[in-house]
Amino acid sequence: MNSVSVVIPAHNEEHYLPLCLDAIKVAAQSITQPVECIVVLNRCTDRTEDIARERGAVVVHEDAKNLSLIRNAGAAAATGDVLVTIDADSLMQPLTLHEMLEKLATQKFIGGGAGVLPERWSLGVCCSVAMVVPFLAIHGVSFCMFWCLRKDFETLGGFNPDYVTIEDVDFAKRLKALGKKRGLKYGTVWRNPVITSCRKFDQFGDWYLVKNPSFVLRVFKGNDQDAGNSFWYDARS
């Protein structure tokens, strides 16, 4: 493992991207491997590109309303032996990359995800999390920040473009299955979880998902473009 590439999808992320990149820079200080950041610009009309370049990130363009294609575009430009993907509104902790590489170095893990904590808590946020956790528990995967060797990412064919939502869960399931074939485990960065923003709750309300279970079902179908557009691709607070 000679280097690490971190892929960051970004659709008008001038507010969150600086914090995300700065957190990665701090996390990179805990490991000896060089870390490159790849920001995938998706229909940006703000200063996202300028911010990415100012902080030394590689810039890639992908305008599709499809996070699988967006993430894959970043991976295609990556040069690292280890691939990581994290959202622009999420923050690594100082030892997140260190814990991740520790797991890979044992050669017991195919890769994995991370624990995730919201930037704030409320009863509505707790109930919303409770709606999602059972789905992840059934499959035995974590999400938010995905990591694996580049060669294994390529073996899987990356993220599946058929999924415009829950592409991350699909990738995690396939990564776990690949590991099982090789006698390897799916790992989770628990000690240094990712902190993610609550901007969707700020925008739609803390109880939105609880009050709209039919919408949650549409999201978990994976192929409902209208659901993806309304909550992710066309929505910004």
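Give the number of residues within the stretch 25-75 that are of a type in the set (G, A, S), under 22 Å from D170 (Cα atoms) and either touching a residue at least 60 places away in the same chain (Cβ under 8 Å) or in a loop (DSSP other than H, G, I, E, B) (or both).
Filtering the stretch 25-75 down to residues of a type in the set (G, A, S) leaves 27-28, 30, 52, 56-57, 64, 68, 73-75.
Those left that are additionally under 22 Å from D170 (Cα atoms): 64, 68, 73-75.
Still in the list and also either touching a residue at least 60 places away in the same chain (Cβ under 8 Å) or in a loop (DSSP other than H, G, I, E, B) (or both): 64, 68, 74-75.
Number of matching residues: 4.
With the structure loaded, tell me whether K211 is closer than 26 Å to F109 by Cβ, modelled with pLDDT of 95 or more and surrounded by fewer than 18 Cβ atoms within 10 Å (Cβ to Cβ) or whether it fails that test. Steps first, please.
Details: closer than 26 Å to F109 by Cβ: no; modelled with pLDDT of 95 or more: yes; surrounded by fewer than 18 Cβ atoms within 10 Å (Cβ to Cβ): yes.
For K211, the condition - closer than 26 Å to F109 by Cβ, modelled with pLDDT of 95 or more and surrounded by fewer than 18 Cβ atoms within 10 Å (Cβ to Cβ) - is not met.
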**Message:** Would you confirm, using the coordinates I've provided, whether L184 is modelled with pLDDT of 95 or more, touching a helix residue (DSSP H, G or I) at 6+ places or on another chain (Cβ under 7 Å) and within 28 Å of A73 (Cβ to Cβ)?
**Reply:** no
**Item:** Exclusive hit being loosely packed, with under 14 Cβ neighbours inside 10 Å, on the phi < 0 side of the Ramachandran plot and not in a loop (DSSP other than H, G, I, E, B), set D162, D202, D170
**Value:** D202
**Asked** Under 7 Å by Cβ, and 6 or more places apart or on different chains, what pairs join a residue from the stretch 174-193 that is farther than 20 Å from L117 by Cα and free of Cβ contacts under 8 Å to residues at least 24 places away in the same chain with one that is assigned to a helix (DSSP H, G or I) and among the aromatic types (F, W, Y)?
**Response** none
**Prompt:** So, in the stretch 21-69, of the ones that are surrounded by 19 or more Cβ atoms within 10 Å (Cβ to Cβ) and among the polar types (S, T, N, Q), which residue ends up nearest to the chain's Cα centre (by Cα)?
**Reply:** S68
**Request:** Those residues that are of a type outside the set (G, A, S), part of a loop (DSSP other than H, G, I, E, B) and under 17 Å from K65 (Cα atoms), I need them from the stretch 205-233; list them, please.
**Result:** N223, D224
**Prompt:** Tally time: how many residues in the stretch 98-127 are assigned to a helix (DSSP H, G or I) and closer than 16 Å to Y186 by Cα?
**Reply:** 7
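The values are calculated or read from the model by the stated rules, or taken from the named source; none is laboratory data. Everything numeric in this text was worked out from a predicted model, so none of it was measured. A quick note on method: Cβ atoms are made from the backbone with ideal geometry, for glycine too, and the neighbour counts reach across all protein chains shown.
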